[in-house]
1. Between a residue in the range 146-172 that is over 13 Å from Leu121 (Cα atoms) and any residue that is of a type in the set (Gly, Ala, Ser) and assigned to a loop (DSSP other than H, G, I, E, B), which pairs come within a Cβ distance under 7 Å, given they are 6 or more apart or on different chains?
2. For the range 62-82, enumerate the residues that are acidic (Asp, Glu) and either buried (at least 16 other Cβ atoms within 10 Å of the Cβ) or under 16 Å from Val24 (Cα atoms) (or both).
3. Filter the range 53-83 down to residues that are in a helix (DSSP H, G or I), hydrophobic (A, V, I, L, M, F, W, C) and closer than 17 Å to Leu154 by Cα, then give me how many there are.
4. I'd like the full set of residues that are free of Cβ contacts under 8 Å to residues at least 40 places away in the same chain and more than 28 Å from Ser152 (Cα to Cα), limited to the range 108-129.
5. So, in the range 92-122, of the ones that are in a loop (DSSP other than H, G, I, E, B) and of a type in the set (Val, Ile, Thr), which residue ends up modelled with the highest pLDDT?
Amino acid sequence: MEDHLPESRDPEDRPLLLVDIDGVISLFSFDHRARPEGAFHSIDGIPHFLSAGAAEHLLALAPYFELVWASGWEEKANEYLPCLLGLPALPHLSFERSVGRTNAHWKLDAIEAYAGEQRALAWIDDAFNDACHVWADAREGPTLLVETMPASGLTGREAQVLERWAEALRIPIIP
């Protein structure tokens, strides 16, 4: 990522960055002989491997975006991730309980309700399907879907894509 930080911007002027957790921060399916930087933690009795690198990338992206949890963890994200990874508490989306959770499409209604049609948003997740791409293409506001691999999660590659996209949205201020 770039060595400079953007000038301070009102959170409403920054695009949203909707952050999934499983497959983005909580990694799985990696080779245990060459595991990424991070550690196993028990969260509600379930072992999760939390990526220290993903946390660092999110902290570096915070000046460019308003970060929001977009995960089935909902409020549980703020109970665990700030103290385990040094991340700030973030707003979180709440989802219908009756929806199947095999693909990210079950998040679309909550995302739309939170973001509206016009606010720029990027969404990082490991489980996009065709419905997510159709939705993103139909939105009025700029929309970027960034897919991760569950074994590596949010890496420098995805973080750089997000930073460049946010920078490209910036409108120069004419004095």
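The values are calculated or read from the model by the stated rules, or taken from the named source; none is laboratory data. Note that the structure is a prediction, hence the values are computed from the model and not measured. Cβ atoms come from the backbone with ideal geometry, glycine included; neighbour counts cover every protein chain shown.
1. Thr148/Gly23; Pro150/Gly23; Pro150/Ser29; Ala151/Ser29; Gly153/Gly23
2. Within the range 62-82, Glu66, Glu74 meet the criteria.
3. Qualifying residue count for the region: 8.
4. Those that are free of Cβ contacts under 8 Å to residues at least 40 places away in the same chain and more than 28 Å from Ser152 (Cα to Cα): Ala113, Gly116, Glu117, Gln118.
5. Across the range 92-122, the extreme among qualifying residues is Thr102.
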